[in-house]
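The values are calculated or read from the model by the stated rules, or taken from the named source; none is laboratory data. Here the structure is a predicted model, which is why all the values come from computation and not from measurement. All Cβ positions, glycine included, derive from the backbone under ideal geometry; neighbour counts span all protein chains shown. With ligands, DNA and RNA removed, areas are computed over all heavy atoms of the protein, side chains included. Shrake-Rupley method; radii C 1.70, N 1.55, O 1.52, S 1.80 Å.
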Amino acid sequence: MTILAFDFMRRGLIAAFVVGLAAPSIGTFLVQRRLSLTGDGIGHVAFTGVGLGVLLRTSPVLTAVVVSVVGAVVIEIVRERAAASGDVALALLFYGGLAGGSILIKLAGGTSSALGGYLFGSLSSVSDGDLAVIVTLSAVVLLTMALFLRELFAVCQDEDVARVSGMPVRFLNLLVAVGAAVTVTVAMRTVGLLLVSALMVVPVATVQLVARSFKGTLYGACLLGSVMSVGGLVVSYYADVPPGGSIVMLSLAAFLVAAVSRKWVRA
Amino acid sequence: MHAVSVFDLQHGTVALGGRRILEDVSVTVDEGEFVAILGANGSGKTTLVRTLVGLNPLAAGDLRVFDTPVRQFRQWPRLGYVPQRLSVGGGVPATVGEVVASGRTGRLSRFRRFSKADQAAVDHALEDVGLSHRVGDAVTTLSGGQQQRVLIARALAGEPEVLVLDEPTAGVDADSQDTLAGALGHLSNAGGSVVLVAHELGPLASLIRRAVVMSQGRVQSDGPPPQPDPHHDHPDHVHQHPHADPPSSSTFGLDR
Ligand SMILES: Nc1ncnc2c1ncn2[C@@H]1O[C@H](COP(=O)(O)OP(=O)(O)O)[C@@H](O)[C@H]1O
Ligand SMILES: [Mg+2]
């Protein structure tokens with residue numbers, strides 16, 4: 001395999017694998033609560049974090065984690081208040097995130113090609129330091145989800161019932177929000193900020209076409225997500241396209257196959 | 001020595017969205033009681049039971065749960081709550097067994113595994129609502145009445161001492177209503193308390209010892225349940241006809 005001869009590809013493949021595993025574990029809870037677009041929102045906000053990192057000449061991944069965690073907590077608070085204008089408030093936050101990032105990067109003298117790497121992923125961008133951060137944070141997200149699985153399932157089935165039975169509902173909701181923010185930043189190098197949400201949502205949407213149980217959907221989506229992520233990266237190498245594009249296209253193709261074959265079976 | 005009161009609400013006032021919904025409501029439910037909350041649509045039944053289980057803050061008044069001020073109360077798994085819902089589910093599939101087992105979560109500490117006793121409680125709850133044979137099916141494949149039974153089984157799986165149900169019979173087929181009456185009868189015979197919001201009592205009528213009738217956010221009457229109408233073809237079918245508050249819903253007081 002010539003593809004494994006390059007250091008950057010080995011790092012990229014490991015990153016793609018762990019990100020593909022972690023993203024659907026958060027995505028399952030977002031889809032369950034019909035919050036599929038939350039990941040997109042956080043992705044926009046994280047862009048300001050990237051800009052800040054470039055401007056301050058520190059690690060953009062680090063500043064993106066901080067800014068997107070803050071953004072996710074704000075989004076969760078707005079959601080909980082469920083104000084009539086909540087929808088608009090979120091939209092404003094998203095636009096602000098994207099606009100802020102583009103300005104900060106320009107101020108820092110960044111180029112638009114560097115910009116594209118953050119938005120759609122890039123093959124060569126994962127350094128050794130990045131890889132350590134990506135693997136560590138993905139592991140933290142996965143372990144947290146596993147640890148709180150029972151409570152998270154109960155809360156996303158019915159918040160009121162969970163609250164009456166004494167569960168710390170607000171804490172659990174924030175856990176998912178922060179987990180989503182961390183996943184977005186971790187996946188940023190591989191799939192890019194504009195497509196990260198697809199890796200959270202599409203594998204879940206695909207598996208739930210054939211699954212009956214929540215656990216089956218969760219585990220199946222993590223498996224599918226990691227396969228699509230690694231597969232998409234390989235395609236990206238040979239076809240010379242941004243990895244975000246090939247990973248998401250591959251995922252969408254899998255969704256189409258599942259949807260069509262299900263129709264077939266039922267018919 | 002008086003009986004333990006499960007809920008003791010004194011002069012409760014509740015405001016939601018800047019509007020006063022409940023006004024000076026006092027209701028006490030003692031251990032072992034089987035109480036129905038009746039009243040027209042919009043009279044405040046849901047708001048009242050949500051307040052009792054601690055979901056609505058009080059603007060004025062006092063609430064004690066198991067003789068403890070609600071702010072200090074920590075033994076929430078002693079309560080079971082079945083909200084007013086049309087169906088179960090969400091974006092991701094879940095099996096009947098998974099949903100019912102989630103009713104156990106409040107009782108489990110984080111690192112404790114789901115034990116044989118937990119599984120037994122889940123199995124028993126499923127049996128009680130007559131859905132043991134559907135345990136592996138996706139909840140969305142069940143009928144509305146069966147889904148309502150899943151929600152009740154979820155509450156029963158937590159082995160609550162008091163069960164609060166909001167309109168568990170609304171839009172539910174006669175079969176499911178009978179099953180529900182059986183399950184609540186078991187809980188009541190075992191010494192449990194039941195607080196239940198209903199539009200029409202149906203097969204539950206024979207279980208109810210006391211009815212609190214709500215009207216425009218106040219308690220209109222509190223006492224023995226209204227007697228069955230002797231002219232009705234269903235001997236145990238009870239209808240409510242509060243005079244101060246004409247029916248605001250087409251289903252109120254009508255057979256479905
Ligand atoms: N969250 C809320 N915000 C504002 N008004 C509410 C809210 N919930 C209920 N209400 C109002 O309170 C009144 C009583 O509602 P509810 O307790 O649901 O009545 P019921 O269950 O008897 O039909 C209704 O007029 C309803 O519109
Ligand atoms: Mg109601």
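Structure above, values below:
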item	result
Chain A: DSSP helices with Cα axial extent of at least 15 Å and average Kyte-Doolittle hydropathy no lower than -1.0	A:7-32, A:38-56, A:60-81, A:86-107, A:128-147, A:169-187, A:196-207, A:214-239, A:243-266
Summed side-chain charge close to B:K45 - residues other than B:K45 whose Cβ falls under 11 Å, Lys, Arg +1, Asp, Glu -1	-1
Inter-part distance where segment A:151-178 and segment B:1-68 are each reduced to a Cα centre, Å	24
Relative compactness, segment A:203-252, computed as alpha-carbon Rg over 2.2 N^0.38 Å	1.25
Pairs of alpha carbons in segment A:1-114 whose separation is greater than 22 Å (percent)	46
For chain A: rounded, prolate or oblate by the Cα gyration tensor [a/c cutoff 1.5]	oblate
Between B and A, accessible area buried - total, square angstrom, nearest 100, 1.4 angstrom probe	2500
Cα-based shape type of segment A:95-217, given that a ≥ b ≥ c are square roots of the gyration tensor eigenvalues and the cut on a/c is 1.5	prolate
Proximal aspartates and glutamates to B:K45, defined as alpha-carbon separation beneath 15 angstrom and excluding residues fewer than eight positions away on the same chain	B:E23, B:D24, B:D166, B:E167, B:E200, B:D222, B:D245
Accessible surface, per residue, of the protein assembly as shown when the full set of protein chains is kept, probe 1.4 Å, Å²	44
Estimated 222 nm signal from helices in the protein assembly as shown, with DSSP H stretches of n ≥ 4 weighted -39500 (n - 2.57), rounded to 500	-17000 deg cm²/dmol
Kirkwood-type radius of segment B:5-223, with distances r between different C-alpha atoms, in Å	17.8
Sum of side-chain charges, A:L233 neighbourhood, beta-carbon under 13 Å (Lys, Arg +1; Asp, Glu -1)	+2
Per DSSP, loop GluC sites (Glu not before Pro) in segment B:62-166 with at most 12 further Cβ within 10 Å	none
Whole-number D in µm²/s for the protein assembly as shown (Stokes-Einstein; Kirkwood sum over Cα pairs; 4 °C, 1.567 mPa s)	51
Average other protein chain Cβ within 10 Å of Cβ, residues A:160-172	6
nm² value of the averaged projected area, convex hull over the Cα atoms of segment A:71-154	8.1
Coil-residue trypsin sites (Lys or Arg not before Pro) of segment B:1-74, DSSP, other Cβ within 10 Å capped at 12	B:R71, B:R74
Stokes-Einstein D for segment B:1-109, Kirkwood Rh over Cα pairs, 20 °C, 1.002 mPa s (µm²/s)	135
Accessible surface of chain A [probe 1.4 Å, protein heavy atoms]: carbon and sulfur percent	72
Two-decimal log10 I(q)/I(0) for segment B:53-164, as the Debye equation yields it once each C-alpha is a single scatterer, q = 0.10, 0.19 Å⁻¹	-0.33, -0.99
Antiparallel DSSP beta bridges within the protein assembly as shown, as percent of all bridges there, nearest 5	55
Occluded residues from segment B:89-119, i.e. those whose accessible area drops by 50 Å² or more once the chain is not alone (1.4 Å probe)	B:G91, B:V92, B:P93, B:E98, B:T105, B:R110
Portion, in percent, of the accessible area of segment B:5-223 that falls on carbon or sulfur, probe 1.4 Å	46
Shape call, segment A:169-267: gyration tensor on alpha carbons, a/c limit 1.5	oblate
Accessible area (Å², 1.4 Å probe, nearest 10) - A:V230	40
Computed FRET value (nearest 0.05) for B:S26 with A:R81, which takes r as the C-beta separation and R₀ as 25 Å	0.20
